[in-house]
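To start, the structure itself, in structure tokens.
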Amino acid sequence: MTSEEWQIVGFTAWVSVLSTLVITPFGLALAWVLARRDWPGKSIVETFVSLPLVMPPVATGLILLEIFGRRGTVGGFLHDKLDWDIIFTWRAVLLALSVMSLPLLVRSARIAFENVNPRLEQIARTLGAGNWRVFFTITVPLAARGIIAGMLLAFARALGEFGATIMIAGNIPGKTSTISLAIFQNVQLGNDTSAFRLLGVSVFLAFVAVWGSEWLLRKTHHRP
Amino acid sequence: MNLILRNLRLPLADFTLELDLELRGRVTAVFGASGSGKTSLLELIAGLRRAKNGFIQAGENVLLDTGHGINIPIRSRRIGYVPQDLALFPHLSVKQNLLYGFKPYADVNITIEHVTEVLEISHLLARRTTSLSGGEQQRTAFARALLASPQLLLLDEPLASLDSNLKARIIPYLIRIRDEFQIPMLYVTHEMEEIRALCDETIVLERGRCIRQTRAEQVFNSTTSF
């Protein structure tokens, strides 16, 4: 592997981990609200969260480009007020990976929360626990395997993200180039050896993440 | 114990639970056919369900007074609730289960040593609750509720899932809880035997209404209709 390839692998792994960490608090909150509360418009929120799973990633990227570009509502605001640019920076990669992997975390965590017997949470309350204590000492530990499995799936999805990333981050060597983007580019340029080396790395990383997630889900399933 | 329920109304699937009662027993049996509203009554007192309107007072404490907008949160009610399925925390050890709600209050003198000794579970503290036998799980659930220093214990058919042999072995523990810790109890059951052994007052529910309130032995003597 060349130093450039190592840089790409390192950046992809780092930004994938970061996106998983960024979406976790938000994703868990959303999953819990979907699992435990009913409110008007819930099905619309559910559909929106799942959209990136079924829409063409490039289309999701285009939406993000519209919102976070310099002329977009959010992007314009960040550029004018904070002098922050999102598009074509590493932040765009982070944004694309986060949006694309969030549904996987939410779905997995939501099922895990739904499988926690609400009776246990109620009894914890009768024993004097407030909402946060119930959440962190009963709900999360009992849903932990599903949550971790969801995080691993989200991480794996982030590793392989292509369509939305290329729309909003481009493929800038040393700056926004990820494994997927680099494989595509290498194949285009006829650098097959480099493409295959990166392919090997991505197969390995994806295998470990999916295998870990399957293993955790199996263990959750068998728990009494 | 004085448990006062006034104009309590909770619409359920088939009928409305409507109660107006004052309970004074040390252990009050809540008797009635399946689906007569017994569990809903316990859940109302514990705060797990919210009555449409009504008033609940346990001892000196008003727990619910919809007329004055009072609804004490579940965690502050000091009501120990042992549901039918026990709801032991499966990811925690017996000791961690017992300590979960442990809170010594000035007005109650309850220690872990005392409770585990009375219920004979001291040797189980390091175990996972999932590895306990039915009777051990039962006693652990009682102990956990007791250690939160409740002012009132709600027991929902605590012996229903046990075979008759085991039932006979658990009843003495319930008598010990009653006599040692002096905590008033509301005890849902279908079994006359348990009422006779434990209770000094009985209410009979039918479709959400209390159709009879008596001393236990009177009910026992006149229950051919059940």
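The values are calculated or read from the model by the stated rules, or taken from the named source; none is laboratory data. Quick caveat, the model's predicted, so the values are computed rather than measured. In this analysis, Cβ positions are derived from the backbone assuming ideal geometry, glycine residues included, and neighbour counts consider all displayed protein chains. Only protein heavy atoms, including side chains, enter the accessible area calculation; ligands, DNA and RNA are left aside. Shrake-Rupley method; radii C 1.70, N 1.55, O 1.52, S 1.80 Å.
The residues of segment B:93-107 include none that are open to solvent by less than 10 Å² (accessible area, probe 1.4 Å) and among the aromatic types (F, W, Y).
Does B:R26 count as under 18 Å from the mean Cα position of the chain (by Cα) and within 14 Å of chain A (Cβ to nearest Cβ)? I'd like the intermediate steps shown before the answer.
Numbers: under 18 Å from the mean Cα position of the chain (by Cα): yes; within 14 Å of chain A (Cβ to nearest Cβ): no.
For B:R26, the condition - under 18 Å from the mean Cα position of the chain (by Cα) and within 14 Å of chain A (Cβ to nearest Cβ) - is not met.
Of the residues A:A13, A:A31, the single one that is under 18 Å from A:F155 (Cβ atoms) and at pLDDT below 95 is A:A13.
Tell me which residues, restricted to segment A:109-156, are basic (K, R), away from every other protein chain (no Cβ under 12 Å) and without any contact (Cβ under 8 Å) to a residue 60 or more places away in the chain.
Within segment A:109-156, none qualify.
Filtering segment A:169-213 to residues that are assigned to a helix (DSSP H, G or I) and without any contact (Cβ under 8 Å) to a residue 12 or more places away in the chain leaves A:V187, A:Q188, A:D192, A:T193, A:F196, A:G200, A:V203, A:F204, A:F207, A:V208, A:W211.
This table checks each residue for (1) over 20 Å from B:D85 (Cβ atoms); (2) at pLDDT below 90; (3) crowded, with 18+ Cβ neighbours inside 10 Å.
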position: B:T129; (1), (2), (3): no, no, yes
position: B:A143; (1), (2), (3): no, no, yes
position: B:P158; (1), (2), (3): no, yes, yes
position: B:K167; (1), (2), (3): no, yes, yes
position: B:Y173; (1), (2), (3): no, yes, yes
position: B:Q182; (1), (2), (3): yes, yes, no
position: B:I203; (1), (2), (3): yes, no, yes
position: B:R207; (1), (2), (3): yes, no, no
position: B:Q218; (1), (2), (3): yes, yes, no
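Counting only residues that are open to solvent by less than 70 Å² (accessible area, probe 1.4 Å), farther than 27 Å from A:L53 by Cβ and not in a helix (DSSP H, G or I), segment A:75-116 holds 1 of them.
Filtering segment A:214-224 to residues that are within 14 Å of chain B (Cβ to nearest Cβ), out of contact with any Lys or Arg (no Cβ under 7 Å at 6 or more places or on another chain) and in a helix (DSSP H, G or I) leaves only A:H222. Please verify whether B:I110 is among the β-branched types (V, I, T), surrounded by fewer than 16 Cβ atoms within 10 Å (Cβ to Cβ) and either more than 8 Å from every other protein chain (Cβ to nearest Cβ) or more than 18 Å from the chain's Cα centre (by Cα) (or both), treating the condition exactly as stated. No; evaluated as a whole, the condition is false for this residue. Filtering segment B:49-62 to residues that are of a type in the set (K, R) and within 14 Å of another protein chain (Cβ to nearest Cβ) leaves B:R49, B:R50.
Among the residues of segment B:31-48, how many are within 11 Å of another protein chain (Cβ to nearest Cβ) and either under 16 Å from B:R209 (Cα atoms) or open to solvent by 60 Å² or more (accessible area, probe 1.4 Å) (or both)?
Filtering segment B:31-48 down to residues within 11 Å of another protein chain (Cβ to nearest Cβ) leaves B:42-43, B:45-48.
From the residues that got through so far, the ones that are either under 16 Å from B:R209 (Cα atoms) or open to solvent by 60 Å² or more (accessible area, probe 1.4 Å) (or both) too are B:42-43, B:45.
Residues in segment B:31-48 being within 11 Å of another protein chain (Cβ to nearest Cβ) and either under 16 Å from B:R209 (Cα atoms) or open to solvent by 60 Å² or more (accessible area, probe 1.4 Å) (or both): 3 in total.
Here A:V17 meets the list (1) out of contact with any His (no Cβ under 8 Å at 6 or more places or on another chain); (2) open to solvent by 80 Å² or more (accessible area, probe 1.4 Å) almost entirely, failing just condition (2). So for segment A:206-213 (the condition being away from every other protein chain (no Cβ under 14 Å), closer than 27 Å to A:R91 by Cβ, out of contact with any helix residue (DSSP H, G or I) (no Cβ under 8 Å at 6 or more places or on another chain) and open to solvent by 20 Å² or more (accessible area, probe 1.4 Å)), does at least one residue qualify? Checked against the condition, which is being away from every other protein chain (no Cβ under 14 Å), closer than 27 Å to A:R91 by Cβ, out of contact with any helix residue (DSSP H, G or I) (no Cβ under 8 Å at 6 or more places or on another chain) and open to solvent by 20 Å² or more (accessible area, probe 1.4 Å), segment A:206-213 yields at least one hit.
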